[in-house]
Amino acid sequence: MDTPYAPGAVSRRSFLKVAAAAGGGLMVGFWPGTGEAAATAVTAPSDLNAFIAIGADDSIVLTMPKVEMGQGTYTSIPMLIAEELEVDMDKIQLRHAPADAKVYGAPFGDQFTGGSLTIRTMFEPMRQTGAAARMVLIQAAANEWQVAPDSCRAEHGEVLHPASGRRLKYGKLAAAASKLPAPQKVALKDAKDFKLIGKPLKRLDAKGKTDGTAQFGIDAQVKGMKVAVVAASPVLGGKLKSVNDAKARKLRGVRQIVKLDNAVAVVADNYWYAKQGLAALDIKWDDGANAKLSTDDVRKTMVAALQKPGHVARNDGDALKALAADGKRVEALYINPMLAHATMEPMNCTVHVKGDGTAEIWTGSQVPARARDDAAKALGLAPEKVTLHNHLIGGGFGRRLYTDYVVQAAQVAKQVKAPVKLVWSREEDIQHCLFRGLYAHTVSASLDAAGKPVAFSHKIAGPSNLAAFAPGWLKDGLDIDNVEGSDIFSYDIPNMRSEYTQEDGPVPTAFWRGVGPTRNMTVLESFMDELALKAGQDPLAYRLALLGKEPRAAHVLKLAAQKAGWGEPLPARSGRGIALMRAWGTYLAQVVDVTVGDDGEVAVKRVVCAVDCGQVVNPDTVVAQIQSGINYGLTAGLFGAITVKDGRVEQSNFHDYPILRMSQAPKIDVELVRSSEAPGGIGEPGTAGVGAALTNAVFAATGVRVRELPLRAELLKKA
């Protein structure tokens, strides 16, 4: 899935526009079309998406269409603007974009942060916007001085005319510049002239997050606000039958009990009072059709679905014919478990339904416009009557692409005559998450006499998140997320097939960090080790022999192996595993070192990760994202599994759904490859690449091939 998000494709469909701002300032923005055909007919909207506003007082405000959830966007995007606008970073003020997909829904028409897409999609448009602003400011100065524009240049927020020594600050030029047409052609800087892009820069959001002044959704405070906690049906899909709230109503601070279709909420003066009230409720549930559902039921459903015909994502040669003719083909069944997102900031949303037919919302959302619209629908209001204040997000991982918690908060607030902050407890968050679904995979290969694969098939069965979230992104019915990574598997194999069968099942599912590639690369790269073993070859050498047409992939593999000391001897019950990942326009290789105790407990000692993500904007951010992704992926690989019994999620908090502790986190070395290729995604590759490297290391240490994570100590005990 590299091609559809190529930055150049976005920029070719962009229309630059300048306009006057209040107080004699300059606004510059762009308007992306939705396709090549639309590009010739579309006209810029009257409400310009003014990403840059330069005031007469020299203020420079960047309106940020993306949300910051720890990935460094609020530093990297200003870097793009500052680079081309020729201003210092500390001169740029940043504000959250209003919830408005029509104006700020670039480049896909939905106000959306996720999928490792921000830098990939904004790299050129934001630079173009900055460069266009610089060009009209220079033109305005040249007009003022009656000189040629190319005799002027910009630096540090001023336009200079070196021949005469004259200079004017941007604020003095903003009004005149706003009356000029947007440049038809924008010349972007050559990479060799970058002053900021590619340089390590301290995160602009670090100060507020360390001194406590940063405002997340859960920090929202509104005068007269009450706090609500909620209990939803413990059985997936169950309904509220009845509730006896007599005891709860007598408790201090409890103000109201709100009944919903599938949940009940207690509204109180603060969170503690609300929790006490919730505990005092006597609730009866209608468990519904899933009362006996178990994880094993879901697994059997997905495995059975592998026998159904699916949508073919890739079909080179004739893999099925070659596999059918090989009686000695290698074949394996892999299972991806269900997972929760477990964001550090629990789900929360504050809603104030006012008496004048309007409402305000305070929350952190990856899709603010969608959240506003869905809340408005729940409130029975027109979207324009609802104002959503988006905040920093304390962990997204795809969870806040969904609006269920916002809608629930709106449903509660609709019944309360005061602003209400709804906060899910950790237990509510874990047990009523929209889960990473359970997926089943069949992988098959035929090897020639030298052990080289000549046919390879990968079939996937599981729920389709795209069908529910963005059905328009389905490609001829194919969920391109679910085959991501599999459809561009890098190895040179003449007969390759990738196929997906949709089987949604009764468990509510969602995108989870790393989405398709996290599931698929864990399977495919573990299976590549199985093939290397079958061929009697070293896993690194085996892979490199198949990467003659993929130099970027081969380079990161060699680099990671070299830095990790691949081939050096290790102590008993220690192992070293390697894996390659290609997705989101990024190539990444990881080497994981583990030690497995006699009791089967796995300790990850070190991870070496080589990354080629094309042009790097902020190396510090890239390294941090890789480290974060690796730890998140190791958490899943070592511990992560949501299980269901009698229709109920069995896990409830970090004691039984553990997160990697600092004492358990390995040493991580990240090697960045210098590249002039288009920027690749970086928020998710670290997570997607580490699962297979982990299982391959465990196999090297114990001889046990793990085809279903998380690792289980009972399988890895010393015999």
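The values are calculated or read from the model by the stated rules, or taken from the named source; none is laboratory data. If you're wondering where the values come from, they're calculated on a predicted model, not measured in any experiment. Positions of Cβ are generated from backbone atoms using ideal geometry, with glycine treated the same way; all protein chains shown enter the neighbour counts. Only protein heavy atoms, including side chains, enter the accessible area calculation; ligands, DNA and RNA are left aside. Shrake-Rupley method; radii C 1.70, N 1.55, O 1.52, S 1.80 Å.
I need every pair where a residue in segment 291-320 that is closer than 17 Å to Tyr500 by Cα has its Cβ under 6 Å from the Cβ of a residue that is open to solvent by 70 Å² or more (accessible area, probe 1.4 Å), sequence separation at least 6 or different chains.
Final answer for the pair search is none.
What is the number of the single condition among (1) within 31 Å of the chain's Cα centre (by Cα); (2) open to solvent by 60 Å² or more (accessible area, probe 1.4 Å) that Gln184 does not meet?
Failing condition for Gln184: (1).
Of everything in segment 36-69 that's modelled with pLDDT of 85 or more and more than 21 Å from Gln111 (Cβ to Cβ), which residue is most open to solvent (accessible area, probe 1.4 Å)?
Asp57
Within segment 262-269, identify whether any single residue is open to solvent by 20 Å² or more (accessible area, probe 1.4 Å), in contact (Cβ under 8 Å) with a residue 24 or more places away in the chain and over 33 Å from the mean Cα position of the chain (by Cα), and answer yes or no.
Taking segment 262-269 and keeping what is open to solvent by 20 Å² or more (accessible area, probe 1.4 Å), we get 262, 269.
Keeping just the survivors that are in contact (Cβ under 8 Å) with a residue 24 or more places away in the chain gives 262, 269.
Still in the list and also over 33 Å from the mean Cα position of the chain (by Cα): 269.
Looking through segment 262-269, at least one residue is open to solvent by 20 Å² or more (accessible area, probe 1.4 Å), in contact (Cβ under 8 Å) with a residue 24 or more places away in the chain and over 33 Å from the mean Cα position of the chain (by Cα).
How many of the residues making up segment 155-170 are open to solvent by less than 50 Å² (accessible area, probe 1.4 Å), closer than 23 Å to Ala20 by Cβ and in a strand (DSSP E or B)?
Number of matching residues: 3.
Take the conditions at pLDDT 95 or above and open to solvent by less than 30 Å² (accessible area, probe 1.4 Å) and apply them to Val386. Does it pass? Break it down into steps so the answer makes sense when it comes.
Details: at pLDDT 95 or above: yes; open to solvent by less than 30 Å² (accessible area, probe 1.4 Å): yes.
Criteria met by Val386.
For residues that are closer than 12 Å to Pro666 by Cβ and touching a Gly at 6+ places or on another chain (Cβ under 8 Å), scanning just segment 603-612, find the one that is surrounded by the most Cβ atoms within 10 Å (Cβ to Cβ). Before you say what the answer is, go through the steps one by one.
Just the residues of segment 603-612 that are closer than 12 Å to Pro666 by Cβ, to begin with: 603-609.
Add one more test, that the residue is touching a Gly at 6+ places or on another chain (Cβ under 8 Å), and what stays is 603, 609.
Values: Ala603: 13, Cys609: 30.
Among those residues, the one meeting the criterion is Cys609.
Scan (1) out of contact with any strand residue (DSSP E or B) (no Cβ under 6 Å at 6 or more places or on another chain); (2) among the aliphatic types (A, V, I, L, M); (3) part of a loop (DSSP other than H, G, I, E, B) for the single condition Ile493 breaks and write down its number.
With respect to (1) out of contact with any strand residue (DSSP E or B) (no Cβ under 6 Å at 6 or more places or on another chain); (2) among the aliphatic types (A, V, I, L, M); (3) part of a loop (DSSP other than H, G, I, E, B), Ile493 is out only on (1).
Mind listing just one residue for me: the one in segment 409-418 that is surrounded by fewer than 23 Cβ atoms within 10 Å (Cβ to Cβ) and in contact (Cβ under 8 Å) with a residue 12 or more places away in the chain and, of those, nearest to the chain's Cα centre (by Cα)? Working first, answer last.
Taking segment 409-418 and keeping what is surrounded by fewer than 23 Cβ atoms within 10 Å (Cβ to Cβ), we get 411, 414-418.
Within this subset, residues satisfying the condition of being in contact (Cβ under 8 Å) with a residue 12 or more places away in the chain are 411, 414-416, 418.
Values: Gln411: 28, Lys414: 31, Gln415: 34, Val416: 34, Ala418: 34 Å.
The extreme case among them is Gln411.
For the structure I just gave you, tell me whether Gly640 is within 19 Å of Ala560 (Cα to Cα), under 22 Å from the mean Cα position of the chain (by Cα) and not charged (D, E, K, R). Explain how you work it out, then say what you get.
Details: within 19 Å of Ala560 (Cα to Cα): no; under 22 Å from the mean Cα position of the chain (by Cα): yes; not charged (D, E, K, R): yes.
Here the answer is no, as Gly640 does not meet what is asked.
Just to confirm my filter: which strands (runs of 3 or more DSSP E) fall fully inside segment 248-292 and include at least 2 residues that are touching a helix residue (DSSP H, G or I) at 6+ places or on another chain (Cβ under 9 Å)?
On the way: elements: 254-259, 263-268, 282-286.
In segment 248-292, 254-259, 263-268 are the strands (runs of 3 or more DSSP E) which contain 2 or more residues that are touching a helix residue (DSSP H, G or I) at 6+ places or on another chain (Cβ under 9 Å).
Yes or no, residue by residue, for (1) open to solvent by 10 Å² or more (accessible area, probe 1.4 Å); (2) closer than 30 Å to Leu466 by Cβ; (3) within 26 Å of the chain's Cα centre (by Cα); (4) charged (D, E, K, R):
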site	(1), (2), (3), (4)
Gln71	yes, yes, yes, no
Thr113	no, yes, yes, no
Thr118	yes, yes, yes, no
Ser151	yes, no, no, no
Leu180	yes, no, no, no
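If Asp492 satisfies every condition in (1) of a type in the set (D, E, K, R); (2) within 25 Å of Tyr632 (Cα to Cα); (3) surrounded by fewer than 20 Cβ atoms within 10 Å (Cβ to Cβ) but one, which is the exception?
Unmet for Asp492, out of (1) of a type in the set (D, E, K, R); (2) within 25 Å of Tyr632 (Cα to Cα); (3) surrounded by fewer than 20 Cβ atoms within 10 Å (Cβ to Cβ): (2).
Can you tell me how many residues in segment 191-238 are in contact (Cβ under 8 Å) with a residue 12 or more places away in the chain and not in a helix (DSSP H, G or I)?
33
Within segment 83-93, count every residue that is buried (at least 19 other Cβ atoms within 10 Å of the Cβ) and either at pLDDT below 95 or in contact with a Leu (Cβ under 6 Å, 6 or more places away or on another chain) (or both).
Looking only at segment 83-93, we keep the residues that are buried (at least 19 other Cβ atoms within 10 Å of the Cβ), and these are 83-87, 92.
Okay, now just the ones that are also either at pLDDT below 95 or in contact with a Leu (Cβ under 6 Å, 6 or more places away or on another chain) (or both), so 83, 92.
Looking only at that region, the number is 2.
Can you tell me which residue within segment 207-244, out of those that are over 30 Å from Gln651 (Cα atoms) and hydroxyl-bearing (Ser, Thr, Tyr), is least open to solvent (accessible area, probe 1.4 Å)?
Thr213
Considering every residue within segment 391-408, establish whether at least one is open to solvent by 40 Å² or more (accessible area, probe 1.4 Å), over 26 Å from the mean Cα position of the chain (by Cα) and not aromatic (Phe, Trp, Tyr). Steps first, answer last, please.
In the first step, residues of segment 391-408 are kept if they are open to solvent by 40 Å² or more (accessible area, probe 1.4 Å); the result is 397, 404.
Pick out the ones that are also over 26 Å from the mean Cα position of the chain (by Cα) and you get none.
Checked against the condition, which is being open to solvent by 40 Å² or more (accessible area, probe 1.4 Å), over 26 Å from the mean Cα position of the chain (by Cα) and not aromatic (Phe, Trp, Tyr), segment 391-408 yields no hits at all.
Given the conditions (1) in contact with a Gly (Cβ under 9 Å, 6 or more places away or on another chain); (2) open to solvent by less than 10 Å² (accessible area, probe 1.4 Å); (3) not polar (S, T, N, Q), which single one is not true for Pro125?
(1)
What number of residues within segment 269-296 satisfy the criterion of being farther than 18 Å from Pro234 by Cα and charged (D, E, K, R)?
2
Checking Ala340 against (1) buried (at least 24 other Cβ atoms within 10 Å of the Cβ); (2) among the hydrophobic types (A, V, I, L, M, F, W, C); (3) in contact with a Ser or Thr (Cβ under 9 Å, 6 or more places away or on another chain): exactly one of these is not met. Which one?
(3)
For segment 539-559, name all the residues that are open to solvent by 70 Å² or more (accessible area, probe 1.4 Å) and either in a loop (DSSP other than H, G, I, E, B) or among the polar types (S, T, N, Q) (or both).
Step one: list which residues in segment 539-559 are open to solvent by 70 Å² or more (accessible area, probe 1.4 Å), which gives 545, 548-549, 551, 555, 558.
Ala545, Gly548, Lys549 - these are the residues of segment 539-559 that are open to solvent by 70 Å² or more (accessible area, probe 1.4 Å) and either in a loop (DSSP other than H, G, I, E, B) or among the polar types (S, T, N, Q) (or both).
Would you point out the residue of segment 496-516, among those that are outside any strand (DSSP E or B) and either acidic (Asp, Glu) or free of Cβ contacts under 8 Å to residues at least 60 places away in the same chain (or both), that is most open to solvent (accessible area, probe 1.4 Å)?
First, the residues of segment 496-516 that are outside any strand (DSSP E or B): 503-508, 510-516.
Checking which are either acidic (Asp, Glu) or free of Cβ contacts under 8 Å to residues at least 60 places away in the same chain (or both) leaves us with 503-504.
On the way: Glu503: 38, Asp504: 67 Å².
Among residues in segment 496-516 that are outside any strand (DSSP E or B) and either acidic (Asp, Glu) or free of Cβ contacts under 8 Å to residues at least 60 places away in the same chain (or both), the one most open to solvent (accessible area, probe 1.4 Å) is Asp504.
Among the listed residues Asp656, Asp620, Asp646, identify the single one that is on the phi > 0 side of the Ramachandran plot, out of contact with any His (no Cβ under 7 Å at 6 or more places or on another chain) and charged (D, E, K, R).
Values: Asp656 fails: on the phi > 0 side of the Ramachandran plot; Asp620 fails: on the phi > 0 side of the Ramachandran plot.
Result: Asp646 is the single residue among Asp656, Asp620, Asp646 that is on the phi > 0 side of the Ramachandran plot, out of contact with any His (no Cβ under 7 Å at 6 or more places or on another chain) and charged (D, E, K, R).
Tally time: how many residues in segment 567-612 are acidic (Asp, Glu) and in a loop (DSSP other than H, G, I, E, B)?
4
Might you check whether a residue that is out of contact with any Leu (no Cβ under 8 Å at 6 or more places or on another chain), without any contact (Cβ under 8 Å) to a residue 24 or more places away in the chain and assigned to a loop (DSSP other than H, G, I, E, B) occurs anywhere in segment 135-146?
Looking for residues that are out of contact with any Leu (no Cβ under 8 Å at 6 or more places or on another chain), without any contact (Cβ under 8 Å) to a residue 24 or more places away in the chain and assigned to a loop (DSSP other than H, G, I, E, B), one finds at least one in segment 135-146, hence yes.
Residues checked against (1) within 19 Å of Phe397 (Cα to Cα); (2) in a helix (DSSP H, G or I):
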residue: Met69; (1), (2): yes, no
residue: Tyr74; (1), (2): yes, yes
residue: Ala82; (1), (2): no, yes
residue: Lys102; (1), (2): no, yes
residue: Pro125; (1), (2): no, yes
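Go through segment 450-485 residue by residue and tally those that are in a loop (DSSP other than H, G, I, E, B), open to solvent by 20 Å² or more (accessible area, probe 1.4 Å) and either farther than 22 Å from Ala325 by Cα or among the polar types (S, T, N, Q) (or both). Talk me through it step by step, then tell me what you get.
To start, the set of residues in segment 450-485 that are in a loop (DSSP other than H, G, I, E, B) comprises 450-452, 463-464, 470, 474, 476-477, 479-485.
If we keep only those that are open to solvent by 20 Å² or more (accessible area, probe 1.4 Å) too, we end up with 450, 452, 474, 476-477, 480.
With either farther than 22 Å from Ala325 by Cα or among the polar types (S, T, N, Q) (or both) added as a condition, the list becomes 474, 476-477, 480.
Count: 4.
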